[in-house]
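Chemist: The following block contains the structure, expressed as structure tokens.
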Amino acid sequence: MKYILFIYIFMSLSIQAQVSIKVDATADKKAISLYLYGRNNSLTTDPGQVLNINWTMLKDAGITFFRESGGNNCTKYNWRRKLSSHPDWYNNVYGNDWDVAAKALKTYIPKAQGMWAFQLLGKVAKTNKANFPDWDYNKSQWWEGVNQNLAGNGVLNPTGSKAKVEGNINQYLEDWSADSTVAILDHWFKDLSLDKNQIQYWNMDNEVEIWNGTHDDVMPVQISAEEFMQKYFEVAKKARAKFPNIKLVGPVTANEWQWYNWSNGITVNGKSYPWLEYFIKRVAEEQKSSGIKLLDVLDIHYYPGSNKIDEVLQYHRVFFDRNYVYPEANGVKTVNGGYDNSQNKEYIFGRVNDWLDKYLGANHGVKLGVTESGINISDPNAIAVWYASTLGEFMKNEVEIFTPWSWPVGMWETVHLFSRYNQSFSIKSTSSDETLVSAYPSINATQDSMTVVLVNRSSSSTKTTSLSFDNFVLTGKSATILSLKSLPNTETFVSHSQNALSKSAVAIDNNAIALTLPAMSITSIQLVGKLGQYSAVLGTLTEPENSVKVFPNPSTNEFTIDSGFEKFKQLELIDEAGKQIHVQAITDGDTIIKVNQKLKTGVYFIKLSNEKTVIVKKVLAY
């Protein structure tokens, strides 16, 4: 019975064990991309509207990147006629004016970045005169047949997803060359005088590996990977010629299976290649032969399927964690050819970085992006924690772009907390329980302000946490905390001043912070201080009134110390940040010690020590 009780107590203590987190202000310092705080489909393309969404929410939440191409609807977009063919709705053609959205971005949020897309398929919308009459059929309600190719006088099949007779694409589409697709750059930056620096990033179409599904009216049989690469190269070269500072973003892969697989596979000289490796290899080869940069951001989409909260809360590990066994691993099993069940670790961006280094060299300059994602849960707290974890991992790994496609409750609050309160540079942190509790610290350019975001991914347990700092000395006795927890199912974010952030304070003790993190919560700690090593002795020792005297104090550059009857062995001069700037041995028996050191104006500490005693005296230099 005692043995069972001991096990129970041990297990209970283990569950409640404190999580230790250490932040190093000078390690792994990396600039955080402003374009992590992005969205899809925020702007209107209807000339009759001014807004598609509340501009106050967009501005106050700190949205900095707007991907406005429309996903699958961009592939057949005709910028001249302001028309798109909707592949998920009978291929019907509708008005879609990107000019309106681009002008609105310039007017309302001129400091944000916008991204649209080039068309590589070769066919775009021509007219809406050949649309399937969906309103007459069922008042434009969704049903399983909305994917039937009925525009162009197709014959309806009342059941299933395939038309009895496919529509004639020549009735609603027209040919579209690489010259036509890149001519939008002249139209926007010359005719409309839009700011090219606000629209630098361009997707190279969308989810090209599944065109035989999304755009099967034009491409019932998928072209080969190499045929697509030729389309890509032609548009990329022409775009670069018109706009040398353009950011080309591709190949915009659809999901985990497509990260690795192209229809019918890719084999060159007997060697099988995963799709993204082949894409990078061919870009490297073409860049070398042409001398033209053809890729700036490697872009993927991610739509996992699990509805288990504890699995979703680990999704952030899919991108860089080389040890994470991903429950939904599928495409990765083909990474070496065939289908190998033992391949269950994705680290897709880790693999991409390896391939980029292999084919393009160590200083290739290609960044990473995720321009669509969505998860299959509705709990706002789990959504917020997943989003925060993903943003945090992207911050510390220099991902350039993140624009989730779906935007459920919990995401407005999270992006606001990160974009409005984080600093400019990610720095290093380590956690004793990285699986459940992570720290995502950032520091400002002057290195005197720091934000540490703590994420508790446990769906049921609070976590007691101790936070300590290397190479940073905190100022003050307390720090401000902003936290997200217990979010309701309805939207709480209205503006920068009206939201669900809970504000409190936490004590600073010996340059460390102890706090308890609620289950599925995000806690942002706002800190001020200076770079330097903190010395605990400076914060704990008091100065005896009569034993040691220092004069003159203040002084310009010389101090005399009278140690009374105490015999010391060593003297150290320490600055306010805890950094030792001078040390000298004390001759045995000396009680009058002189320090001659040219000092900048400020506060310093003289530390005297022997085998038994340590005395610290505060001095001022001017």
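Chemist: Scan the stretch 168-198 residue by residue and report those that are more than 24 Å from Ile63 (Cβ to Cβ) and either of a type in the set (Val, Ile, Thr) or modelled with pLDDT under 95 (or both).
Modeler: Ile169, Thr181, Val182
Chemist: Would you say Leu276 is touching a Gly at 6+ places or on another chain (Cβ under 9 Å), under 15 Å from Phe228 (Cα atoms) and at pLDDT 95 or above?
Modeler: Taking the combined requirement at face value, the residue does not satisfy it.
Chemist: Of the residues in the stretch 349-365, how many are among the polar types (S, T, N, Q) and modelled with pLDDT of 95 or more?
Modeler: The number of residues fulfilling the criteria is 1.
Chemist: Any chance the stretch 408-416 includes a residue that's out of contact with any Pro (no Cβ under 9 Å at 6 or more places or on another chain), over 18 Å from Lys281 (Cβ atoms) and assigned to a loop (DSSP other than H, G, I, E, B)?
Modeler: For the stretch 408-416, residues out of contact with any Pro (no Cβ under 9 Å at 6 or more places or on another chain), over 18 Å from Lys281 (Cβ atoms) and assigned to a loop (DSSP other than H, G, I, E, B): absent.
Chemist: May I ask you to list the residues in the stretch 568-622 that are in contact (Cβ under 8 Å) with a residue 40 or more places away in the chain, among the charged types (D, E, K, R) and assigned to a strand (DSSP E or B)?
Modeler: Selection gives Asp575, Lys607, Lys617, Lys618.
Chemist: Filter the stretch 120-154 for residues that are hydrophobic (A, V, I, L, M, F, W, C) and not in a loop (DSSP other than H, G, I, E, B); which is farthest from Val182 (Cα to Cα)?
Modeler: Going through the qualifying residues, I end up with Trp135.
Chemist: So Lys607 ticks every box in (1) more than 25 Å from Asp470 (Cβ to Cβ); (2) surrounded by 14 or more Cβ atoms within 10 Å (Cβ to Cβ) but one. Which box is left unticked?
Modeler: Every listed condition holds for Lys607 apart from (1).
Chemist: Can I ask one more? State all residues of the stretch 109-126 that are over 24 Å from the mean Cα position of the chain (by Cα) and either farther than 21 Å from Thr403 by Cα or surrounded by fewer than 24 Cβ atoms within 10 Å (Cβ to Cβ) (or both); if no residue qualifies, say none.
Modeler: Within the stretch 109-126, Leu120, Leu121, Gly122, Lys123, Val124, Ala125, Lys126 meet the criteria.
Chemist: Sticking with this one: May I ask you to say which residue of Tyr94, Tyr77, Tyr90 is buried (at least 22 other Cβ atoms within 10 Å of the Cβ), aromatic (Phe, Trp, Tyr) and farther than 26 Å from Gly369 by Cα?
Modeler: Just a single option satisfies the conditions, and that option is Tyr90.
Chemist: Do the conditions hold for Glu398, that is, is it part of a helix (DSSP H, G or I), at pLDDT 95 or above and not aromatic (Phe, Trp, Tyr)?
Modeler: no
Chemist: Please work out which residue is surrounded by the fewest Cβ atoms within 10 Å (Cβ to Cβ), limiting yourself to the stretch 495-512 and to residues that are within 26 Å of the chain's Cα centre (by Cα) and in a strand (DSSP E or B).
Modeler: Filtering the stretch 495-512 for residues that are within 26 Å of the chain's Cα centre (by Cα) and in a strand (DSSP E or B), the one surrounded by the fewest Cβ atoms within 10 Å (Cβ to Cβ) comes out as Lys503.
Chemist: A further question follows. Would a scan of the stretch 469-482 turn up a residue that is farther than 30 Å from Ser378 by Cβ, touching a Ser or Thr at 6+ places or on another chain (Cβ under 8 Å) and not in a strand (DSSP E or B)?
Modeler: Yes: one or more hits.
Chemist: Another question about this same structure. Out of the helices (runs of 4 or more DSSP H) lying entirely within the stretch 209-323, which hold 2 or more residues that are among the small types (Gly, Ala, Ser)?
Modeler: Answer list for the stretch 209-323: 225-242, 275-290.
Chemist: Only one of (1) free of Cβ contacts under 8 Å to residues at least 60 places away in the same chain; (2) in a helix (DSSP H, G or I); (3) in contact with a Leu (Cβ under 6 Å, 6 or more places away or on another chain); (4) of a type outside the set (D, E, K, R) fails for Ala163. Which number is that?
Modeler: Going through (1) free of Cβ contacts under 8 Å to residues at least 60 places away in the same chain; (2) in a helix (DSSP H, G or I); (3) in contact with a Leu (Cβ under 6 Å, 6 or more places away or on another chain); (4) of a type outside the set (D, E, K, R) one by one, Ala163 breaks only (2).
Chemist: Quick one: how many residues across the stretch 399-450 are under 18 Å from Ala384 (Cα atoms), of a type in the set (Ser, Thr, Tyr) and touching a residue at least 60 places away in the same chain (Cβ under 8 Å)?
Modeler: Counting residues in the stretch 399-450 that are under 18 Å from Ala384 (Cα atoms), of a type in the set (Ser, Thr, Tyr) and touching a residue at least 60 places away in the same chain (Cβ under 8 Å) gives 5.
Chemist: Condition first: over 23 Å from Gly338 (Cα atoms), touching a helix residue (DSSP H, G or I) at 6+ places or on another chain (Cβ under 8 Å) and surrounded by 18 or more Cβ atoms within 10 Å (Cβ to Cβ). Can you find one or more residues in the stretch 261-273 that meet it?
Modeler: no
Chemist: Let me ask you something else. Out of the residues in the stretch 81-104 meeting the condition of being aliphatic (A, V, I, L, M) and touching a strand residue (DSSP E or B) at 6+ places or on another chain (Cβ under 6 Å), tell me which one is farthest from Ile169 (Cα to Cα).
Modeler: Among them, the one singled out is Leu83.
Chemist: Being in contact with a Pro (Cβ under 9 Å, 6 or more places away or on another chain) and within 16 Å of Glu256 (Cβ to Cβ) is the filter here, so list the residues in the stretch 337-370 that pass it.
Modeler: Within the stretch 337-370, Asn344, Arg351, Val370 meet the criteria.
Chemist: Out of curiosity, is Ala25 within 26 Å of Met395 (Cβ to Cβ) and of a type in the set (A, V, I, L, M)?
Modeler: Answer is yes for this residue.
Chemist: Residues in the stretch 309-321: is at least one in contact with a Lys or Arg (Cβ under 6 Å, 6 or more places away or on another chain) and farther than 23 Å from Pro380 by Cβ?
Modeler: No, the stretch 309-321 contains no residue that is in contact with a Lys or Arg (Cβ under 6 Å, 6 or more places away or on another chain) and farther than 23 Å from Pro380 by Cβ.
The values are calculated or read from the model by the stated rules, or taken from the named source; none is laboratory data. What you see is a predicted model; the values in this text were computed from it and never measured. Every residue, glycine among them, receives a Cβ derived from its backbone with ideal geometry; neighbour counts consider all protein chains shown.
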